[in-house]
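Below is one structure, written out as structure tokens, with a few remarks after it.
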Amino acid sequence: MAAQSRLSVLSKHLLDGLHPGCDRVVIGGSAIGTAAASSSTDAPTSTATKTLSWCIVGAGAIGGFVGAELARSGQDVTLLARTGHLKAMQQKKGIVVEASNGSEMLVPIRAVGTMDEVGKVDVVVITLKAHQILPVLDDLPKLFHDETVVMTMQNGLPWWYFVGHGGQFEGRALESVDPNGQILRAIDTKRIVGCIPYPAAHLRAPGEVTHTEGRLLPLGELDGKITPRVQTISAIFEKAGFKAPILDSIRTNLWVKLLGNLCFNPLGALAHSTLDVMATFPPSVDLVRSAMEEAVAIAKALGITLPITVEKRIQGAARVGKHKPSTLQDIELGKSTEVDALIVAVVEIAGLTGTPAPTIRTLSACMQLLNKTVEDNKVAIRAFKL
């Protein structure tokens with residue numbers, strides 16, 4: 001599939017409001033190897049897949065769902081979790097997954113609380129929120145052998161954003177998500193493969209995940225090359241039932257998703273509102289449009305032209321329906337949010353590029369204040385019917 005075709009297919013499903021899909025990409029058969037590979041965008045036609053060892057670091061809703069699907073397809077998966085969620089999975093000897101059609105099953109899977117219990121694995125999937133990485137950074141190397149891949153599966157802009165970016169910001173750390181470049185120094189960037197998670201899921205109870213919609217997990221190397229390791233991972237995801245196109249511009253597609261996240265996540269948490277309302281209520285649509293237009297300008301200042309219009313992005317969000325953004329779910333549970341990766345990092349880049357972003361800056365300040373209220377007072381904030 002040609003590069004532009006991969007971009008347009010992904011964009012089509014975003015503007016249609018459909019998470020689950022792109023044309024099936026049949027690739028794989030190669031062993032996990034080094035990042036050196038052909039620059040060709042044509043994928044091999046072999047459908048063979050390998051069994052790899054995986055550790056899902058931060059196996060909450062998305063991590064638990066992805067890990068469960070991988071385990072069901074025959075992969076060797078360990079979930080790394082904590083507190084009551086971990087205890088529940090250990091008692092059940094697995095994780096309960098409720099599918100989008102309402103059916104559910106207990107998926108047998110190993111769950112542990114420390115990296116010492118895991119050992120070295122082939123693929124480390126980081127589904128932690130950005131602010132949760134630093135506390136576990138010293139222990140992560142316990143999971144690495146010489147060719148271990150580190151896959152980031154997070155919302156917002158990642159700490160590695162400027163690695164392989166080129167230009168004046170090449171190799172720069174994003175201070176808002178990686179203060180003083182600690183993560184950038186600790187994890188060899190040659191290990192990293194990026195992945196953009198589109199599935200919507202939530203923890204309905206400890207040890208139990210509800211998958212609402214979406215099976216799209218586009219992924220790619222930071223330099224856009226089509227490597228044996230990214231082909232293998234994509235093929236494994238496809239076998240597990242996901243749509244996993246290989247992207248030759250991971251950053252472009254990060255911005256496509258971020259275009260919605262940086263607006264709807266803070267606004268949803270602040271107003272306790274769902275996507276269907278935020279994307280159709282005229283006053284909120286005006287605010288969202290303004291923020292998105294600023295984000296398009298920021299991306300353009302980095303040399304990125306987004307393959308989707310602001311209006312189509314808003315329409316696509318409206319079609320998703322009555323969905324609570326993850327930040328709203330966190331606020332309702334009294335948890336810290338992903339504010340740094342979702343919007344503070346965008347403000348940082350606006351400053352670096354000298355791009356005006358008054359709407360985004362306002363949303364960011366309000367969201368940071370809300371996050372501070374939850375953290376400082378250890379409170380959950382919910383809306384109750386009278």
So if I place +1 on the C-beta of Lys and Arg and -1 on the C-beta of Asp and Glu, and nothing else carries charge, what would the dipole magnitude of the chain be about its Cα centre? I want it in debye, nearest 20.
620 debye
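Between Arg185 and Leu386, what length in nm is gained on full extension when 0.36 nm per residue of separation is reduced by their alpha carbon distance?
In short, 67.2 nm is gained.
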From the phi of every residue in the stretch 156-161, what ³J(HN,Hα) in whole Hz does the Karplus formula 6.51 cos²θ - 1.76 cosθ + 1.60 yield, where θ is phi - 60° and glycine or proline is x?
x, 8, x, 4, 8, 3
Model label zone, Ala318; criterion: amide N under 17 Å from point 7 Å along Cα-to-beta-carbon; scope the stretch 271-287
274-287
Evaluate the relative contact order of the chain (contact order divided by residue number), counting alpha-carbon pairs under 8 angstrom at least 6 apart; express in whole percent.
20 percent
Size of charge dipole - the stretch 264-386 - debye, nearest 20, with Cβ of Lys, Arg +1 and Asp, Glu -1, no other charges:
340 debye
Pseudo-spin-label distance Arg204 to Lys372, built 7 Å along Cα→Cβ, given in nm, is 3.8 nm
DSSP loop trypsin sites (Lys or Arg not before Pro) in the stretch 353-386 with at most 11 other Cβ atoms within 10 Å of their Cβ, which ones?
Lys378, Arg382, Lys385
Provide Rg over Rh for the chain; use the alpha carbon set for both Rg and the Kirkwood Rh (inverse mean inverse pair distance).
0.93
In terms of the charge dipole of the stretch 159-281, which places +1 on Lys and Arg and -1 on Asp and Glu at the beta carbon, the residue among Ala240, Leu270, Ala205 farthest towards the positive end is Ala240
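So, with +1 on the Cβ of K and R and -1 on the Cβ of D and E, and no other charges, what is the size of the charge dipole of the stretch 159-239 about its Cα centre, to the nearest 20 debye?
That gives a dipole near 200 debye.
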Stretchable slack from Lys50 to Phe281, in nm (0.36 nm times residue separation minus alpha-carbon distance)
78.4 nm
Antiparallel content of DSSP bridges confined to the chain, in %, to 5:
35 percent
Going by a ≥ b ≥ c, the root eigenvalues of the Cα gyration tensor, does the stretch 128-213 fall in the rounded group (a/c under 1.5), the prolate group (a/b larger than b/c) or the oblate group?
prolate
Rounded to 5, the percent of DSSP beta bridges in the stretch 110-252 classed as antiparallel
40 percent
What helices in the chain pass both tests, a Cα length along the helix axis of 15 Å or more and a mean Kyte hydropathy of 0.5 or higher, using whole DSSP H runs?
61-72, 250-271
Which value in deg cm²/dmol, rounded to the nearest 500, describes the helix-derived mean residue ellipticity at 222 nm for the chain, given -39,500 (n - 2.57) per DSSP H run of n ≥ 4 and division by the residue count?
-12000 deg cm²/dmol
Please check which bits of the stretch 102-116 a label hung off Lys142 would reach, taking the label as a point 7 Å along Cα-to-C-beta and the cut-off as backbone N under 12 Å.
112-116
Work out how much length Glu117 to Glu170 would gain on full extension: take 0.36 nm times their residue separation and subtract the Cα-Cα distance, in nm to one decimal.
15.4 nm
Tell me, what is the per residue accessible area of the chain in Å², probe radius 1.4 Å?
40 Å²
Which of the listed residues, Leu342, Thr373, Leu386, is farthest toward the dipole's positive end in the stretch 260-386, when Lys, Arg count +1 and Asp, Glu count -1 at the beta-carbon?
Leu386
Within the stretch 45-86, list the trypsin sites (Lys or Arg not before Pro) lying in a DSSP loop whose Cβ has at most 14 other Cβ atoms in a 10 Å radius.
Arg82
Length-normalised contact order of the stretch 217-271 in % [C-alpha pairs under 8 Å, at least 6 apart]:
39 percent
Could you check the spin-label model distance between Glu293 and Thr353? Points 7 Å from the Cα along Cα→Cβ, value in nm.
1.7 nm
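The values are calculated or read from the model by the stated rules, or taken from the named source; none is laboratory data. Note that the structure is predicted; figures quoted are calculated from it, not measured. All Cβ positions, even for glycine, are placed from backbone atoms using ideal geometry, and neighbour counts span all protein chains on display. All accessible areas refer to the heavy atoms of the entire protein, side chains included, with ligands and DNA or RNA removed. Shrake-Rupley method; radii C 1.70, N 1.55, O 1.52, S 1.80 Å.
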